[in-house]
1. What are the radius of gyration and Dmax of region 151-226, computed over its Cα atoms and given in Å?
2. What list of whole percents do you get for P(r) of region 39-148, with Cα-Cα distances grouped in 10 Å bins up to the one holding the largest distance?
3. Can you pull out the GluC sites (Glu not before Pro) in region 34-82 that DSSP calls coil and that have at most 12 other Cβ atoms within 10 Å?
4. Express the C-alpha Rg of the chain as a ratio against the empirical globular expectation 2.2 N^0.38 Å, rounded to two decimals.
5. Sort 86-96, 192-202 by packing, meaning the average of other beta carbons within 10 Å per residue, with the highest value first.
6. Roughly how large, in nm² to one decimal, is the mean projection of the convex hull of the alpha-carbon atoms in region 189-292?
7. Can you spot the aspartates and glutamates whose alpha carbon is less than 20 Å from LYS278's alpha carbon? Ignore those fewer than 8 places along the same chain.
8. With a 1.4 Å probe and every protein chain left in place, work out the accessible area per residue of region 20-101 in Å², rounded to a whole number.
Amino acid sequence: MTATVQPVSLELARLESMAESDYYNPYTMFEWPDTLELDKPWMSEDLVTLAGTEFWDELPREQQLALTRHEAVNFFSLNVHGIRELLSEVVLRIHTKTYADASEFLHHFIGEENEHMWFFSAFCLRYGKKIYPAAPNLTPATDDGLSKAASELVIFARILMFEEIVDYFNAHMATDTSLPKIAQDINRIHHQDESRHVAFGRTIFTQLLQQVKEKNPEDIPRLVTYLDAYLDYSIRSLYNPAVYRDAGLNSPLELRRQLLEHPARAEAHDRILKRTRKFLARNGLIAQEAVA
């Protein structure tokens with residue numbers, strides 16, 4: 001490296017080096033048992049969408065375990081859908097003029113995310129016999145009135161926020177010894193890779209935001225509204241009525257409504273979003289009520 005290399009380039013070079021040194025073959029590294037234990041939770045019990053509420057406490061143990069199984073499959077299904085979306089956006093940008101300096105890292109990013117999608121889907125299909133459908137995206141539309149930099153920022157903000165929310169769950173379950181080993185391993189490996197992807201996402205986000213602030217500051221209020229709505233959508237997608245139905249819970253749509261209004265779940269959401277909200281707040285991109 002010469003003295004003229006910019007800090008952003010140094011960061012990308014560091015991430016590229018880490019991706020190369022941490023490389024693994026996902027198709028051979030995992031040991032996939034024929035079946036998973038039914039007397040173990042498949043998802044950490046304090047991460048299920050009923051955790052901390054009377055609805056969880058009222059369930060018999062057998063049904064609690066069933067719920068963790070379906071929530072694990074739903075969580076991994078959300079990863080499949082999220083990765084498919086982000087890959088479609090990143091592939092369109094690799095080796096374009098705007099992202100020329102980042103293209104080397106983007107090759108690693110695309111390869112790793114494709115492999116992540118494979119092992120998440122493999123878990124779902126082997127043990128859950130399904131991939132839950134994606135939830136409809138109910139976030140506000142971003143119209144053509146946004147500047148190019150703001151439109152690009154929205155794309156990478158969605159990728160970043162998705163990865164940070166997922167990583168909260170991965171980091172927790174990577175060390176949860178109550179889970180089947182394959183569930184721990186998948187969460188551990190994904191957490192390892194996502195640490196690089198989040199660092200990259202924040203670097204690109206910061207660059208694009210600086211451009212918006214300098215050239216199109218009028219876009220900032222609309223970005224604040226959109227990003228706040230996208231965080232809300234991401235949290236709501238965790239609450240899947242089909243999961244509750246498959247676990248044998250009554251009135252799944254009404255249960256979802258009550259859970260989303262439950263104070264204990266609001267506290268859980270704050271924990272999940274704490275890192276992302278702090279990052280957005282530092283960059284002046286968060287609604288005041290969210291800061292409060």
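The values are calculated or read from the model by the stated rules, or taken from the named source; none is laboratory data. Source: prediction; values computed, not measured. So basically every Cβ, Gly included, is an ideal-geometry build from the backbone, and we count neighbours across all protein chains shown. Side chains included, ligands, DNA and RNA excluded: accessible areas come from the protein's heavy atoms. Shrake-Rupley method; radii C 1.70, N 1.55, O 1.52, S 1.80 Å.
1. 16.1, 51
2. 12, 30, 28, 18, 9, 2
3. On the way: sites: GLU37, GLU45, GLU54, GLU58, GLU62, GLU71; in loops: GLU37, GLU58.
Taking region 34-82 and a limit of 12 other Cβ atoms within 10 Å, the loop GluC sites (Glu not before Pro) found are GLU37, GLU58.
4. Details: Rg = 19.8 Å, N = 292, 2.2 N^0.38 = 19.0 Å.
It is 1.04.
5. Numbers: 86-96: 14.1, 192-202: 19.7.
Final packing ranking: 192-202, 86-96.
6. Working: hull surface 33.8 nm².
It is 8.4 nm².
7. GLU163, GLU164, ASP167, GLU194, ASP228, ASP232, GLU267, ASP270, GLU289
8. On the way: 4330 Å² over 82 residues.
Per-residue accessible area for region 20-101 comes out at 53 Å².
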